[in-house]
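The values are calculated or read from the model by the stated rules, or taken from the named source; none is laboratory data. Note that the coordinates shown come from a computational prediction; the quantities given were computed from them, not determined experimentally. FYI the Cβ positions are ideal-geometry reconstructions off the backbone, even for glycines, and counts take in every protein chain you see.
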Amino acid sequence: MNKTKIWAGVLTVFAAGVIVGALGGIMYSRHDFQKRFENFHKMPAKSIARVILDKIDHEVTLTAQQRLEIEPLILEGAQKADKTMEATKQKMQQHLQDLFSQIKTKLTPEQKTKFDQAVENGLFQPPGPPPGADGRMPPPMEPGQGPPPPMHGDGGPWQHRPGPPPPPPAE
């Protein structure tokens, strides 16, 4: 093999790693943002107002008087946002029910039954977090379930021999 082919292979593997790493980072950041957004909107309006006020205070260093004046404004805004979110959620549910009714007009009775079961089981619900995304570490692996032991031996880089590495060659 000539050096050009070797370098082309190395660069291809490197480029593939960069692409996979970038896509993985994007997917993780989207999931992380979605999780934070969902948790944020599950909080009561007063808690949301406190978080926002603390962030503003951290950025601009509010006086005690400013905090007292700004907190009710943020609380009112958070309550309005809650009402808007609830109204939007109700509209979305109604749109989905209308859509489901239209879809069912095109299905056989057997398909309608299956469709209704799928909807009840969360067919159109967003997927939950991936395993381990709740902040806890996964349970430890049982012996023999982990990665294979390191490779050793003189049969090339792809030969696998479990056990300790061979002794260094005698000089």
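One table, with the values for the structure above:
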| quantity | calculated |
| --- | --- |
| Number of the exception - residue 35 against (1) touching a Pro at 6+ places or on another chain (Cβ under 8 Å); (2) modelled with pLDDT of 85 or more; (3) charged (D, E, K, R) | (2) |
| Breaking point among (1) over 26 Å from residue 123 (Cα atoms); (2) within 31 Å of the chain's Cα centre (by Cα), for residue 65 | (2) |
| Residue in the stretch 89-144 that is modelled with the lowest pLDDT, counting only those that are among the aliphatic types (A, V, I, L, M) and outside any loop (DSSP other than H, G, I, E, B) | 119 |
